[in-house]
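Notes for the one structure printed next.
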Amino acid sequence: ICVTTPPVGPPANDNCAGATALTVNAGQACTSQTFGTVFGATASGLAVAPCTGTADDDVWYSFVATGNAHTVSLSGVAGSSTSMNFGVYSGTCAGTLTSIGCGATGTAPTQTVINLTAGSTYFVRVYTNTATANQNTTFNVCVTSPPANDLCGNAIALSCNSVVTGTTTGATDVGEPATCGTYTNNASRGVWYTVQGWGGPMTASLCGSSYDTQVAILTGSCGTFTCVAGDDDGCG
């Protein structure tokens with residue numbers, strides 16, 4: 001049981017200019033997340049339209065990008081409304097804000113935004129999905145980073161006859177080839193590895209994965225590829 005005192009007036013981050021700074025997690029886990037509420041929040045009255053719904057109780061957050069992509073997510077949504085929205089924006093509060101991503105409506109919306117500039121500040125606008133007054137919803141907001149080998153230039157080196165565990169959680173499809181064998185990039189997100197050939201046959205296998213997989217085997221350099229073999233849905 002928790003007893004709290006309602007805030008007097010709107011929250012400190014009721015407007016973009018008062019955005020609360022978020023910590024960017026280095027990995028995919030929300031080790032650091034920020035508690036928030038729309039209790040007492042008002043409409044910001046900005047020219048930029050919300051992603052969806054009515055932003056009559058929006059609150060604002062900001063983060064400084066550490067790479068070219070980050071994932072923003074909400075969790076622990078509770079209160080008068082459990083359906084939340086958020087938008088991610090580039091630009092400045094005093095100037096022009098441009099929408100670069102929208103979190104899907106629900107209890108745990110999430111969105112990966114790409115083409116970010118490391119060192120630049122981006123803004124997150126959180127609000128309930130319903131235009132009902134006096135909402136008291138609370139939530140946690142989190143910013144995570146893609147896997148270390150999300151980009152070709154950061155591929156992880158493998159050795160022959162080895163098994164490695166990986167993840168595509170929070171990854172992007174930046175720089176992925178369009179096609180290779182039966183592999184076709186369908187905007188799914190992937191990660192990168194390298195291996196040194198030994199002059200004989202080799203097998204790259206995704207056997208045992210718990211989801212629909214694709215793999216492309218390429219030679220050359222990042223951005224200038226020659227397809228060796230590709231597979232969709234198969235084991236290896």
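The values are calculated or read from the model by the stated rules, or taken from the named source; none is laboratory data. Everything numeric here is computed off the predicted structure, so don't read it as measured data. Using ideal geometry, Cβ is built from the backbone for each residue, glycine included, and neighbour counts are taken over all protein chains shown. Ligands, DNA and RNA are excluded from the accessible area calculation, which covers all protein heavy atoms including side chains. Shrake-Rupley method; radii C 1.70, N 1.55, O 1.52, S 1.80 Å.
Using the Karplus curve 6.51 cos²θ - 1.76 cosθ + 1.60 with θ = phi - 60°, work out ³J(HN,Hα) for each residue of segment 177-182 in order, rounded to whole Hz, and write x for Gly and Pro.
Values, residue by residue: x, 6, 8, 6, x, 8 Hz.
Rg and Dmax in Å for segment 118-169, alpha carbons only: what are they?
Rg and Dmax of segment 118-169, Cα atoms, are 19.7, 61 Å.
If amide hydrogens are placed 1.01 Å from N in the peptide plane, which non-local residues have theirs closer than 5 Å to the one on residue 218?
Here 228 satisfy the definition.
log₁₀ I(q)/I(0) of segment 92-236 at q = 0.14, 0.17 Å⁻¹, via Debye over equal Cα point scatterers, no solvent, to two decimals?
-0.82, -1.06
Quick one: in segment 14-80, what % of C-alpha pairs are over 18 Å apart? Don't jump to the answer; show the numbers that get you there.
Values: 1041 of 2211 pairs.
That fraction is 47 percent.
For a quick protection proxy, order the peptides 29-38, 156-165 by their average other-Cβ count within 10 Å, most packed first. Spell out each step's value before the answer.
Values: 29-38: 17.2, 156-165: 8.9.
For the peptides 29-38, 156-165, the packing ranking is 29-38, 156-165.
Pop out the ³J(HN,Hα) list for segment 73-84 in order, Karplus 6.51 cos²θ - 1.76 cosθ + 1.60 with θ = phi - 60°, rounded to Hz; leave Gly and Pro as x.
Computed from phi, the couplings for segment 73-84 are 8, 10, 8, x, 5, 7, x, 5, 9, 10, 10, 10 Hz.
Hey, in the chain, which Cys have no second cysteine's beta-carbon closer than 4.7 Å?
That list is 2, 160.
What does the extension gain come out to for residue 227 and residue 43, with contour length at 0.36 nm per residue minus their alpha carbon separation? Provide the component values of the computation, followed by the final result.
Working: separation 184, 0.36 × 184 = 66.24 nm, distance 5.20 nm.
Computed gain between residue 227 and residue 43 is 61.0 nm.
With a 1.4 Å probe and all protein chains left in place, how much accessible area per residue does the chain have, in Å²? Could you put the intermediate results ahead of the total?
On the way: 12360 Å² over 236 residues.
Normalised by residue count, the accessible surface of the chain is 52 Å².
Could you work out how far the C-alpha centroid of segment 112-145 sits from that of segment 158-236, in angstrom?
Going from one Cα centre to the other spans 33 Å.
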